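K.L.:
One structure, pasted below without further comment.
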Amino acid sequence: MKQRSTLAGIVTVVLTTLVGSVSHAQTSYAYADLGAMTVLSMNNLGQVVGSATTLSGVRAVRITPLDTNSDGKPDTWYRDLNSDGINDLFEILPIPAGYSAIAARAINLSGAVTGYTGSPLNQPIHTPSGGAATAITTKGAAYGESINDTNVIAGRSWDKRAKYLNATTWKKVGTSWTQTWLGAPAGYLNSTSVSINNAGAVAGRAWPATQSIIVPVVWLPSALYSRPQGWTVLAGLGGIGGDALGINSLGQLAGSSNGHAVLWLLQDAYGLASGVHDLHTVESPYVRSTASSLNQAPIGLLTVVGSMDDLGSDYRAFVWKSDTMQMTDLNAVTSGIPVGLTLGNALAVSDSGLILGRAYTNPSKAFVLVPSP
């Protein structure tokens, strides 16, 4: 066998190390406080929605961050000029007439918010930026869970037999809203939609007749991503079910299966084949994980965020990137974390790399992590 030159081997190793250190450098983050609130969603501009205690009680709120240094990037999500402990940047969202309250669940690029009303009947809502809230009237209880940038809402509503909640979308046509009941995959009792992308594809979960497990599903409004129109049941790890929690416009889904954070690819990408991929790369004691969200993979780099835990009370927010294929504890790469605070769950990630999350404190503490330049 012909031996390889020692010098060539050394050069190869050095070059590989140098290239790897540049292309796979670990991103670091700076901690930004949002105050005491329960956060649920963030758009690509860094606007956030959730709920918080205000001078008017517990209300649904929206935060539009400040750009204090005028560099075109948001950098401040919390301001308390009167020292009352309440974030001055909280914008209390209006409640439609005739309803007791609203829950804000998601926000799109224009700042429009969806969620659902409180009593007398849960109904999906649409609240444009700076506009009045609209309750979308349905015959039974219904809930808005996600909204895309064309203002199509995905959620769940009672089906025609008034027996099960099933995945539903709402789209405004003229001055009225059109409801589309998506039903459930063949052989399944019911479904729910958790996330919708800008192509109208819906990610969620379905329950078989036995109700023993949930399975991850995706619904496509037309043939997309080399898949047919309608429902597709996604394979879980080891053939076990799972939960699809986020979908981007490339048709890539994040969620969990068999106790691990996973990525579903409907087409080959990032050097990975289509199918389900286990993202859990950390060692004990963090043996369980869930991927909550993923971005649109700008410049071909996908970022997935979520939470991992030790099956007990120790939860850690994580980030996974397609260049390293590694899960990283965000507590280890973030500066400015207040003493005694642990970043417990990462809930959303923007295309610029902003990460929204919360710490499991009482009251719940929310944060945004800003990637270092």
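K.L.:
May I ask which residue of Met42, Thr361, Tyr116 lies farthest towards the positive end of the charge dipole of the chain, with charges of +1 (Lys, Arg) and -1 (Asp, Glu) on Cβ and the Cα centre as origin?
P.N.:
Tyr116
K.L.:
What percent does the relative contact order of the range 223-308 come to when contacts are Cα pairs within less than 8 Å and at least six residues apart?
P.N.:
25
K.L.:
Per residue Cα convex hull volume for the range 240-288, in cubic angstrom? Intermediate values should be presented prior to the final figure.
P.N.:
Details: hull volume 3.9 nm³, N = 49.
Value for the range 240-288: 79 Å³ per residue.
K.L.:
Moving to a separate point now. Evaluate the relative contact order of the range 285-365 (contact order divided by residue number), counting alpha-carbon pairs under 8 angstrom at least 6 apart; express in whole percent.
P.N.:
Once divided by the residue count of the range 285-365, the mean separation gives 26 percent.
K.L.:
Roughly speaking, what is the centre-to-centre gap between the range 328-347 and the range 195-261 when only Cα atoms are used, to the nearest Å?
P.N.:
Cα centroid of the range 328-347 versus Cα centroid of the range 195-261: 29 Å apart.
K.L.:
Could you list log10 I(q)/I(0) for the range 262-373 at q = 0.16, 0.21, 0.22 Å⁻¹, which the Debye formula gives when each Cα is one point scatterer?
P.N.:
-0.71, -1.17, -1.27
K.L.:
P(r) for the range 137-240: what percent of alpha-carbon pairs falls in each 5 Å bin, starting at zero?
P.N.:
For the range 137-240, the binned pair fractions read 2, 13, 23, 24, 20, 11, 5, 1, 0, 0 percent.
K.L.:
Around Gly306, which amide H atoms from residues at least 5 apart in sequence, or from another chain, sit under 5 Å from its own amide H, with H modelled in the peptide plane?
P.N.:
Ser292, Phe318, Ala346
K.L.:
For Tyr164, which sequence-distant residues (separation of 5 or more, or a different chain) have an amide H within less than 5 Å of its own amide H, given hydrogens modelled in the peptide plane?
P.N.:
Amide H neighbours of Tyr164, under 5 Å, 5+ apart: Asp159.
K.L.:
So, in nm, how far is label Leu66 from label Leu311 when the simple model puts each one 7 Å beyond its Cα toward the Cβ?
P.N.:
Going from the Leu66 label point to the Leu311 one covers 4.7 nm.
K.L.:
Pairs of Cα atoms under 8 Å, at least six residues apart: use those to get the relative contact order of the chain, whole percent.
P.N.:
Value for the chain: 13 percent.
K.L.:
Another question about this same structure. In Å, what Rg and Dmax follow from the Cα atoms of the range 21-116?
P.N.:
When restricted to Cα atoms, the range 21-116 yields Rg and Dmax of 15.5, 59 Å.
K.L.:
Under a Cβ-only charge scheme (Lys and Arg +1, Asp and Glu -1), can you give me the dipole magnitude of the chain about the Cα centre, in debye to the nearest 20?
P.N.:
Dipole magnitude for the chain comes out near 1060 debye.
K.L.:
While we're here: Can you give the log10 of the normalised intensity I(q)/I(0) at q = 0.09, 0.11, 0.15 Å⁻¹, computed with Debye over equal Cα scatterers of the chain?
P.N.:
Here log10 of I(q) over I(0) equals -0.53, -0.78, -1.40.
K.L.:
Using +1 at the C-beta of Lys and Arg and -1 at the C-beta of Asp and Glu, which of Thr328, Gly340, Gln296 has the Cα lying farthest in the positive direction of the dipole of the range 286-369?
P.N.:
Gly340
K.L.:
Next question, about the same structure. Would you be so kind as to identify which of Ser350, Ala132, Leu182 lies farthest towards the positive end of the dipole of the chain, taking Lys and Arg as +1 and Asp and Glu as -1 on Cβ and the Cα centre as origin?
P.N.:
Of the options given, the answer is Leu182.
K.L.:
Using the reciprocal of the averaged 1/r over all distinct C-alpha pairs, how large is the Kirkwood radius of the range 185-260 in Å?
P.N.:
For the range 185-260, inverting the mean 1/r across all distinct Cα pairs yields 12.3 Å.
K.L.:
When the dipole is taken about the Cα centre of the range 299-373, and only Lys, Arg (+1) and Asp, Glu (-1) are charged at their Cβ, what size is it in debye, to the nearest 20?
P.N.:
About 180 debye.
Readers should treat all values here as calculations from the given coordinates under stated rules, not as data from a laboratory. All values reported here derive from a predicted model rather than from experimental measurement. No Cβ is skipped: glycine too gets one built from the backbone with ideal geometry, and neighbour counts run over all protein chains shown.
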